Each structure stands twice: as structure tokens, then as C-alpha cells.
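The values are calculated or read from the model by the stated rules, or taken from the named source; none is laboratory data. All values derive from a computational prediction rather than experimental measurement. For neighbour counting, all protein chains shown are included, and Cβ atoms are generated from backbone atoms with ideal geometry for every residue, glycine included. What goes into the accessible areas is simple: the full protein's heavy atoms, side chains included, and nothing from ligands, DNA or RNA. Shrake-Rupley method; radii C 1.70, N 1.55, O 1.52, S 1.80 Å.
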Amino acid sequence: MFSVTNRWNRHVSVYEDNRPDGLADVPAFVTELFDAGELIKASKRSTLVRSQWRGERFVAKCYKTRKMRYLINSFVRGRGSLPAWNNIFLLRRLGIRTLEPVLLLEQRFFRFPGESFLVTREIEGENISVYLQQRGGDLPDEQLAGLRDMFEVFYAARLIHGDLNEDNIMITADGPVLIDLDKLSTARDPADFASRFEAEKVRFLRKLSPWPAAMERVAGIFPPLG
């Protein structure tokens, strides 16, 4: 269930199942997260922070306003935090463990989008490279099975993550979790999908090369392209 507010200067969508206790003013809540947050990553396009609010842990991402051509194209292709927000619910419907959505906030000037924000609950786990490093390259069977299920769903739905790397798969007590969904897309043409899926597979496995045994095991769980 969602609570949605549309105004000339703001769009807000809150996923009520994950609504923080006591949340009333969404813009003020987002500002507090960034003011008190620990910086995870910053670039020209976005800023990512980890933060705490009333005893609960969150991750917030700010998508910065870009040049006018982007703003015009965004009406057709989606913009800012919106694609990632939609992709979270797409993966959840497909049974892939991913981010726990809290809210989306998009600042607007009439219909023109400005900065937008995506807030999710913090994941308790480590990215796969840290996980392997801490455990001498060991990847338990249950985590491997979770990765196999994830890749098989991607294959069946012809999904391309767009940035599959060691930072974007988190290993948790309940299995692997896929994050950073800004570039997720669907490849309708089978040949295009096969080419892009194989390229992502090769790039991802290359990131696991410091742990050859784990890399070989992961390579064996990708569904064959045919």
C-alpha cells in the first residue's frame, strides 16, 4: 500500500509497509538523513548516505538535477529516483531479494523535475567482495543457491542489471540481495539479451578473480545462453 502526494512542487510516494514510526514531514525527514548521515558515495550525478533516525537505520540517495536535455528526455524515459523505485517493486514481484523501499521524494517546478531522493532501509550484510575477503574466499552453498535463483529469474525475464559488480550484491543471513537498480532494463530481442547478459556475467566474474574457487563456483550457476 502506498501513500502518494502530488503537488506542483513535489511528488511523494511512501511505501506504508516500511513507513518509519512517527514519520510526518517527508522533506524534513530526508533532510535529517542527509544532515546526519555517513557519506557512502558521491558523484556528479548522485550522493549516497547511511543514516539513523529515531533508532532505525536507512540509506538515502540523492539524484542531482542535470542539464536541460536530460530534463526533457526524462519525461519519456523516467527520471531521477523513479526508475530505481519502480525496479525495486518489479524485482520484488519476481521474487528477487532487493532493497527494502521506504519512500520516493521528487522536487518539482511545475512539471520540471529537480532533485529527487530514494530512501530504503539499511541492509544488514556485506557486499560479496567484502564477504569473500572476510571468509578466505569461502561461499556457502546456501548463498550460491540464492545467486543461482537470482540469475535464473533474470534469464527468464530477460533482465539486465546494467551495473552488476561486487558492490551491488549484498550477502546477508537470509541470502544475497541485489541493489543499485538505476540501470535495470529489459532486453526484448533474444540476441541482444544474450549478448548483454554474457557481458555482465564476464564483468561480474572478473571482479571475483581474487577468489578463484568462488569465481569458478559462481560461473557454474549462470544459466546457459541458447
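Taking the Cα centre of the range 159-226 as origin, sum charge times position over the Cβ atoms of Lys and Arg (+1) and Asp and Glu (-1), and report the length of that vector in debye to the nearest 20. Display every interim value, and only then the final one.
Details: 8 positive and 11 negative charges, 41 e Å.
My answer is approximately 200 debye.
Ordering HIS11, HIS161 from largest to smallest accessible area (1.4 angstrom probe), what's the sequence? Don't jump to the answer; show the numbers that get you there.
Values: HIS11 30, HIS161 0 Å².
Correct descending sequence by accessible area is HIS11, HIS161.
If you average the sequence gap of Cα pairs under 8 Å that are 6 or more apart and divide by the length of the chain, what percent do you get for the contact order?
Values: 364 pairs, mean separation 39.8, N = 226.
Across the chain, relative contact order equals 18 percent.
HN-Hα J couplings of the range 163-170 from phi, Karplus 6.51/-1.76/1.60, θ = phi - 60°, integer Hz, Gly and Pro as x?
Coupling constants for the range 163-170: 8, 6, 8, 5, 7, 9, 10, 9 Hz.
LEU105: net charge of surrounding residues, Cβ under 12 Å, Lys/Arg +1, Asp/Glu -1, itself excluded?
Values: positive: ARG7, ARG10, LYS61, ARG108; negative: ASP25, GLU106, GLU115.
Spelling it out: positives minus negatives among the neighbours equals +1.
Using a ≥ b ≥ c from the Cα gyration tensor of the range 80-181 (square roots of the eigenvalues), is it rounded, prolate or oblate, where a/c under 1.5 gives rounded and otherwise the larger of a/b and b/c decides, a/b for prolate?
Prolate.
Which value, in Å² rounded to 10, gives the accessible area of ARG50 with a 1.4 Å probe and all protein chains present?
Looks like 70 Å² after rounding.
Counting only protein heavy atoms and using a 1.4 Å probe, what share of the accessible area of the chain belongs to carbon plus sulfur, as a whole percent?
Working: 6080 of 12170 Å².
The computed percentage sits at 50.
At 0.36 nm per residue, minus the direct Cα-Cα distance, what do PHE110 and ALA28 gain on full extension? Give it in nm, one decimal, please. List each step's numbers first, then the result.
On the way: separation 82, 0.36 × 82 = 29.52 nm, distance 2.07 nm.
So the extension gain works out to 27.5 nm.
With every protein chain present, what is the per residue accessible area of the chain (1.4 Å probe, Å²)? If you can, show how the numbers build up before the last one.
On the way: 12170 Å² over 226 residues.
I get 54 Å² per residue for the chain.
Which angle from 0 to 90°, rounded to the nearest 10, does the C-alpha axis of helix 82-94 make with the longest principal axis of the chain?
50
Angle check, please: helix 190-207 long axis (alpha carbons) against the longest principal axis of the chain (alpha carbons), in degrees 0 to 90, nearest 10.
80
For ILE221 paired with SER195, estimate the spin-label separation in nm (one decimal), with each label point 7 Å from Cα along the Cα-to-Cβ line.
The modelled label-to-label distance comes out at 2.9 nm.
Compute the angle between helix 26-36 and the longest alpha-carbon principal axis of the chain, please, reported from 0 to 90 degrees and rounded to the nearest 10.
Once rounded, one gets 60 degrees.
Calculated FRET efficiency, THR5 and GLU142, Cβ-Cβ r, R0 35 Å, to nearest 0.05?
Working: r = 41 Å, r/R0 = 1.18.
So the FRET efficiency works out to roughly 0.25.
Once every DSSP H run of n ≥ 4 in the chain is given -39500 (n - 2.57) and the sum is divided by its residues, what mean residue ellipticity at 222 nm do you get, rounded to the nearest 500 deg cm²/dmol? Write out the running numbers ahead of the final one.
Working: 7 runs with 84 residues, N = 226.
Computed ellipticity for the chain at 222 nm equals -11500 deg cm²/dmol.
Starting from the Cα gyration tensor of the chain, multiply each eigenvalue by 5, take the square root, and state the resulting semi-axes largest first in whole Å.
Working: eigenvalues 200, 92, 47 Å².
One finds semi-axes of 32, 21, 15 Å for the chain.
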